Amino acid sequence: MLVYGTEAVIPAEVEIPSLRIIQEAELDDADWVKNRYEQLALIDGKRMNEICHGHLYQNRMSRAFNKRLKPRQFTPGQLVLKKIFPHQDEAKGKFSPNWQGSYMVHRVLTGGALILAEMDGEVWPKPINSDAIKRYYV
C-alpha cells in the first residue's frame with residue numbers, strides 16, 4: 001500500500017492475456033480498510049492484555065514462593081552434611097543413608113556455593129551448591 005499525502009493508494013493488477021497493467025486504486029473512504037485497522041488495533045490490545053496478565057501471574061507466583069522460602073546462611077567453620085545424589089557410588093539402595101558427612105564449611109562463595117573441608121582439614125577443590133548441604137547439629 002502506498003501513501004501519497006493523506007490518501008492511501010493500493011496497486012491493483014489487471015491482467016490481459018498479452019499485457020499486464022498495474023493501476024492504482026484510491027482507498028480514501030474504503031470501509032474495509034477502516035475495519036481492518038480497527039481489527040488490528042483490537043488484536044494489539046488483546047496481545048498487550050495477555051502479556052500484562054502473564055507478568056502479573058509470574059509476580060504472584062514468585063511472591064507466594066518467596067513467602068515460604070527460608071534463606072540459609074552458612075559461615076566458615078560450621079559443621080554440615082552433604083546430600084548423597086543417586087548417581088554417586090555411595091547411593092547403594094533404598095535403605096542407604098541420604099546424607100554423608102560431617103564436613104566443615106571452609107569458604108562461602110557468592111551465589112550460594114560453598115567450599116567444604118573434611119574434618120582432618122583437607123579442602124575439597126570443587127565448590128558445591130548450598131542446596132545440597134544442610135547444617136549438622138552436634
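The values are calculated or read from the model by the stated rules, or taken from the named source; none is laboratory data. This structure is a prediction, so every number in the text was calculated from the model and none was measured. Every residue, glycine among them, receives a Cβ derived from its backbone with ideal geometry; neighbour counts consider all protein chains shown. Remember, those area values only see protein heavy atoms, side chains included, never the ligands or the DNA or RNA. Shrake-Rupley method; radii C 1.70, N 1.55, O 1.52, S 1.80 Å.
List the number of the failed condition for GLN100; all other conditions in (1) modelled with pLDDT of 90 or more; (2) touching a strand residue (DSSP E or B) at 6+ places or on another chain (Cβ under 8 Å) hold.
Only one criterion in (1) modelled with pLDDT of 90 or more; (2) touching a strand residue (DSSP E or B) at 6+ places or on another chain (Cβ under 8 Å) is unmet by GLN100, namely (1).
Restricting attention to the stretch 90-100, does a residue exist that is over 15 Å from GLN78 (Cα atoms), in contact with a Phe, Trp or Tyr (Cβ under 9 Å, 6 or more places away or on another chain), in a loop (DSSP other than H, G, I, E, B) and not polar (S, T, N, Q)?
yes
Quick one: in the stretch 60-79, of everything that is open to solvent by 80 Å² or more (accessible area, probe 1.4 Å) and in a helix (DSSP H, G or I), which residue is nearest to GLY112 (Cα to Cα)? Reasoning before the result, please.
Applying the first criterion (open to solvent by 80 Å² or more (accessible area, probe 1.4 Å)) to the stretch 60-79 yields 60-61, 63, 65-73, 76.
Going one step further and asking which of them are in a helix (DSSP H, G or I), we end up with 60-61, 63, 65-68.
Values: ARG60: 24, MET61: 22, ARG63: 20, PHE65: 18, ASN66: 16, LYS67: 19, ARG68: 18 Å.
Looking at the filtered set, the residue picked out is ASN66.
Across the stretch 80-89, what is the number of residues that are open to solvent by less than 40 Å² (accessible area, probe 1.4 Å) and part of a strand (DSSP E or B)?
So in the stretch 80-89, the residues open to solvent by less than 40 Å² (accessible area, probe 1.4 Å) come out as 80-82, 84.
Restricting the remaining residues to those that are part of a strand (DSSP E or B) gives 80-82.
Number satisfying all stated conditions: 3.
Across the stretch 118-138, which residue is farthest from GLY77 (Cα to Cα) among those that are open to solvent by less than 60 Å² (accessible area, probe 1.4 Å) and in contact (Cβ under 8 Å) with a residue 24 or more places away in the chain?
Within the stretch 118-138, the match that is farthest from GLY77 (Cα to Cα) is ALA132.
Return the residue satisfying two criteria in turn: it lies in the stretch 101-117 and is open to solvent by 60 Å² or more (accessible area, probe 1.4 Å), of a type outside the set (Val, Ile, Thr) and at negative phi, and of such residues it is farthest from the chain's Cα centre (by Cα).
MET104
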